[in-house]
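Beneath this line is the structure, given in structure tokens, with notes to follow.
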Amino acid sequence: MRREEALGILGLSTAEAKDFAAVRSAYHRRMRAVHPDLNHAPDASEAAAMVSAAYDMLDRAYRAQKSARDGRRAAQQRKDAQRGSRPTPRGMRARVLSETTVTVMGSVPEVFGLVRRAGARIGEVSSLDEGSGMVVVVAEFLHAAPCQVTFSVIRRGDDRAHVRVAVEPMSTGEAPPTAAVTRLLAEKLNALVTSAAS
């Protein structure tokens, strides 16, 4: 039996068949209509057998596709493990929310790890406190006094965190604008996410 024939027996379009729950519902609906216990037509047994065969064919195809997808995912995870990197959660991107805040998709531990690495690219990490979500960096910026930059990772839902940025000069002179440091952090975070995903 070909797939198109199986879909026709169950009364499904190709688009509807992409959702296997729709296939299962169509099977139950057709079986109630043709089952010999409920339908006393002379060809009811043959019709029920055709409905069962159509469902079995589509079920086998669905399971084969799922198995192939799972195999590809497992292979990718093994590849990531061999490279020593964890897979990056889908959609994990940093975005500037305000002059002092960056929002990042991901759990707090994931975002904290990214902020720690981004901080090391901005300056020298002088202090880490994962419990409070703080990363303190000593940095020098062009035309500005050396300063201490504090990044505070704050949970905002199960799949998102905010990073607050505070900049303080360590000597006389002006610190760079906080908004500029916030944008720089977002750039560094996005570069890390992009390199991890490739």
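The values are calculated or read from the model by the stated rules, or taken from the named source; none is laboratory data. Just so it is clear, the structure is predicted and the values come from calculations on it, not from any experiment. Here Cβ is always computed from backbone atoms with ideal geometry, including for glycine, and neighbour counts include all displayed protein chains.
Evaluated against (1) of a type in the set (A, V, I, L, M); (2) free of Cβ contacts under 8 Å to residues at least 12 places away in the same chain; (3) surrounded by 15 or more Cβ atoms within 10 Å (Cβ to Cβ), L7 falls short on exactly one condition, (2). For the structure I just gave you, tell me whether G11 is of a type outside the set (V, I, T) and within 24 Å of the chain's Cα centre (by Cα). When the stated conditions are applied, G11 does not pass them. When segment 96-115 is filtered for residues that are part of a strand (DSSP E or B) and of a type in the set (S, T, N, Q), the ones remaining, listed by number, are S98, T101, T103.
Listed by first and then second residue, the pairs with beta-carbon distance under 9 Å, at least 6 apart or on different chains, first residue in segment 167-188 and at positive phi, second surrounded by fewer than 20 Cβ atoms within 10 Å (Cβ to Cβ), are G173/A144; G173/A145; G173/P146.
Would you check if V137 is assigned to a helix (DSSP H, G or I), touching a residue at least 12 places away in the same chain (Cβ under 8 Å), touching a strand residue (DSSP E or B) at 6+ places or on another chain (Cβ under 6 Å) and crowded, with 19+ Cβ neighbours inside 10 Å? Spelling it out, it is not the case that V137 is assigned to a helix (DSSP H, G or I), touching a residue at least 12 places away in the same chain (Cβ under 8 Å), touching a strand residue (DSSP E or B) at 6+ places or on another chain (Cβ under 6 Å) and crowded, with 19+ Cβ neighbours inside 10 Å.
Per-residue answers, yes or no, for (1) in contact with a Leu (Cβ under 7 Å, 6 or more places away or on another chain); (2) at pLDDT 85 or above; (3) exposed (fewer than 14 other Cβ atoms within 10 Å of the Cβ):
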site	(1), (2), (3)
L38	no, no, yes
A54	yes, yes, no
D59	no, yes, no
Y62	no, no, no
K66	no, no, yes
R69	no, no, yes
A81	no, no, yes
